[in-house]
Amino acid sequence: MNPLATSDKSVPAPSEIFHPDVLDTLANAWRARATGGLSPAAGLLAWYDWALHLSLSPGKQRSLIEKGLHKQQRLARYAAHAASAQGCPTCIEPLEQDRRFAAPAWQQWPFNVIHQGFLLQQQWWHNATTGVRGVSRHHENMVTFAGRQWLDMWSPSNFVWTNPEVLEAIRASGGANLWRGAMNFFDDAQRLALEDAPAGVEGFEVGKDVAVTPGKVVFRNHLIELIQYTPTTPDVYAEPVLIVPSWIMKYYILDLSPHNSMVKYLVDQGHTVFIISWKNPTVVDRDLGLEDYRWLGVMDALDTVTAIVPERKVQAVGYCLGGTLLTIAAAAMARDGDDRLHSLTLLASETDFRESGEIALFIDDSQLAWLEAGMWDKGYLDGKQMAASFQMLNSRDLIWSRRVREYLLGERQQFNDLMAWNADVTRMPYRMHSEYLRRLYLNNDLAEGRYQVGGRPVAIADIEAPMLIVGTVRDHVAPWPSVYKMHLLSDAELTFVLTSGGHNAGVVSEPGHPRRSYQMATRSTGARYVDPQTWRAETPLNEGSWWPAWQQWLARRSTGRVTPPAMSGTQTPLGDAPGTYVAMR
């Protein structure tokens, strides 16, 4: 059995009631319950920083006044023209990703004036919260984000009398849409109170509708089950593929329905595929740390794979946080002379967290102290709390537009397998999540050479195995320029793929998926650095899924085809895929 981690806990366990830190931690934990884990101190500090520096900036104040008056004049002229003529030019266009006002009804008076006024106000607030000299970048981002959240809440699309699509639905149905919407609301409220899954999830049962690729559980410990998939070809590539998914999510995002299962695709192409299924931790797992996840997760899985497929190196794949952990493990292996990794594929995985996107809004010392207190109280971070944080990053589409559709228009969105998976949330142990946020996000220890494994630092530069890195254009969790930074951390052969879609849909991008495209280029060992925007401008665009190009990349690195290895090697399988850990709620 591999040793468990021994790093110190940041605060004592709840049973140590006489420790001097307990009172403060308990007080913060109680407050965190009321605020959903968000630190009011962090928000107040950001607003104070912005307001104080704005009050000391007469030039910025004058500019905002002038812009405000100019926008009022533009809106007044537009309103006058719109009242007397159809099809007059708008005074402002919504952002490309903003589809709230795309319907033709929004171009009719008075709704065209209403939504144009809102967009001008939104633009003015963006001007007000950015570019104030002296405000820290983190505080500026927080204030801008908070202002956008507030404006999104008061968008005219969210209210019956200012949304022409809702008014038309009322006229056409005699108000039946509002009745259906009320029923949807009460159904959702009941499910929330009973902690039931959202409506529509019941059509996607794990092991029956999703995660159905045949295979066997070949290893189990306290933290993982390892699944080996049944081959579908008479011979297979010699090097097995080990997939390390993130434990923020259930593994079967990579094995959804048969038509869009990455696992099934790889198996059908002749790869021997193994995947880790992480346990959904409970309070008893509160002290599992990142080192436990490395040992009990990646290393135990790798030991099992190389026992089943002996004398073969492994093509390792990591997704999201699983890719970050795989990178840590690979760096430690390279440092220690362990050469069992044949290649690395990292899917939407960050290794340098200095520009980690809007998720960093929730990560600073104040916020982490608040979050850690809440996790200390329960022993874990609840999956629903994590899901709510991700929803806030795109509240316009994931919260407000959904409520308009389901509660005002009375239309239930048709569920699909990806949405059902997204509702199947997981918890994260207190200690692991604290270490992850502090050591990687806040301190950026991995990229800056301070991350230690076994008491000694590891360096990504030590990894010599060829890498394929995938970023997605609309990723709000791991922005592709941040993922691209692997070019600065490694001198190994590196192939970068930039694919359309977001953090999930860009990765689950099977062949035949409509409106998919990607760019792909390889930097050879020792080549000069190319910045991300130049790379994107100079790299040809390919239509379709990136999966076939990746599969060819894996195939070119294989040493040949062999007879498929026995399922579970010389051991008896522990059960059928998808195993038992995936069913833990």
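The values are calculated or read from the model by the stated rules, or taken from the named source; none is laboratory data. All figures in this text were calculated on a predicted structure; none of them were measured in a lab. Note that we place each Cβ from the backbone using ideal geometry, even for glycine, and neighbour counts take in every protein chain shown.
Overview of results
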read-out: Test result for residue 292, in contact with a helix residue (DSSP H, G or I) (Cβ under 9 Å, 6 or more places away or on another chain) and of a type in the set (D, E, K, R); value: yes
read-out: Those helices (runs of 4 or more DSSP H) lying entirely in segment 254-350 with at least 2 residues of a type in the set (S, T, N, Q), crowded, with 20+ Cβ neighbours inside 10 Å and in contact with a Ser or Thr (Cβ under 7 Å, 6 or more places away or on another chain); value: 321-336
read-out: Residue that is surrounded by the fewest Cβ atoms within 10 Å (Cβ to Cβ), among those in segment 351-402 that are aromatic (Phe, Trp, Tyr) and at pLDDT below 90; value: 390
read-out: Exclusive hit being in contact (Cβ under 8 Å) with a residue 24 or more places away in the chain, surrounded by fewer than 20 Cβ atoms within 10 Å (Cβ to Cβ) and under 21 Å from residue 269 (Cβ atoms), set 512, 526; value: 512
read-out: Boolean, residue 265 is hydroxyl-bearing (Ser, Thr, Tyr), in contact (Cβ under 8 Å) with a residue 40 or more places away in the chain, out of contact with any strand residue (DSSP E or B) (no Cβ under 9 Å at 6 or more places or on another chain) and closer than 21 Å to residue 348 by Cα; value: yes
read-out: Filtered residues of segment 544-585 (kept if touching a helix residue (DSSP H, G or I) at 6+ places or on another chain (Cβ under 8 Å) and among the aromatic types (Phe, Trp, Tyr)); value: 547
read-out: Close pairs from segment 460-488: first more than 23 Å from residue 97 (Cα to Cα), partner basic (Lys, Arg) and not in a loop (DSSP other than H, G, I, E, B), Cβ under 7 Å, at least 6 apart; value: 462/335; 487/523
read-out: Options 392, 386; residue that is under 30 Å from residue 457 (Cβ atoms) and among the aliphatic types (A, V, I, L, M); value: 386
read-out: Residue that is modelled with the highest pLDDT, among those in segment 487-502 that are buried (at least 23 other Cβ atoms within 10 Å of the Cβ) and over 18 Å from the mean Cα position of the chain (by Cα); value: 496
read-out: Entirely in segment 417-535, the helices (runs of 4 or more DSSP H) that have 3 or more residues that are in contact with a Pro (Cβ under 8 Å, 6 or more places away or on another chain) and farther than 30 Å from residue 340 by Cβ; value: none
read-out: Enumeration of residues in segment 353-383 that are part of a strand (DSSP E or B) and either at positive phi or not hydroxyl-bearing (Ser, Thr, Tyr) (or both); value: 381
read-out: Lone qualifier among 402, 412 - being part of a helix (DSSP H, G or I), of a type outside the set (A, V, I, L, M) and under 30 Å from residue 171 (Cα atoms); value: 402
read-out: Matching residues in segment 37-69 - criterion: being loosely packed, with under 12 Cβ neighbours inside 10 Å and either touching a residue at least 60 places away in the same chain (Cβ under 8 Å) or closer than 21 Å to residue 90 by Cβ (or both); value: 69
read-out: Verdict on residue 225 being modelled with pLDDT of 95 or more, among the acidic types (Asp, Glu) and within 29 Å of the chain's Cα centre (by Cα); value: yes
read-out: Residue within segment 70-88 that is surrounded by 15 or more Cβ atoms within 10 Å (Cβ to Cβ), farther than 30 Å from residue 442 by Cβ and under 36 Å from the mean Cα position of the chain (by Cα) present; value: no
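Residue-wise test of (1) buried (at least 19 other Cβ atoms within 10 Å of the Cβ); (2) in contact (Cβ under 8 Å) with a residue 40 or more places away in the chain; (3) within 26 Å of residue 392 (Cα to Cα).
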| site | (1), (2), (3) |
| --- | --- |
| 124 | no, yes, yes |
| 129 | yes, yes, yes |
| 142 | yes, yes, yes |
| 151 | no, no, yes |
| 174 | no, no, no |
| 185 | no, yes, yes |
| 199 | no, yes, yes |
| 208 | no, no, no |
| 217 | yes, yes, no |
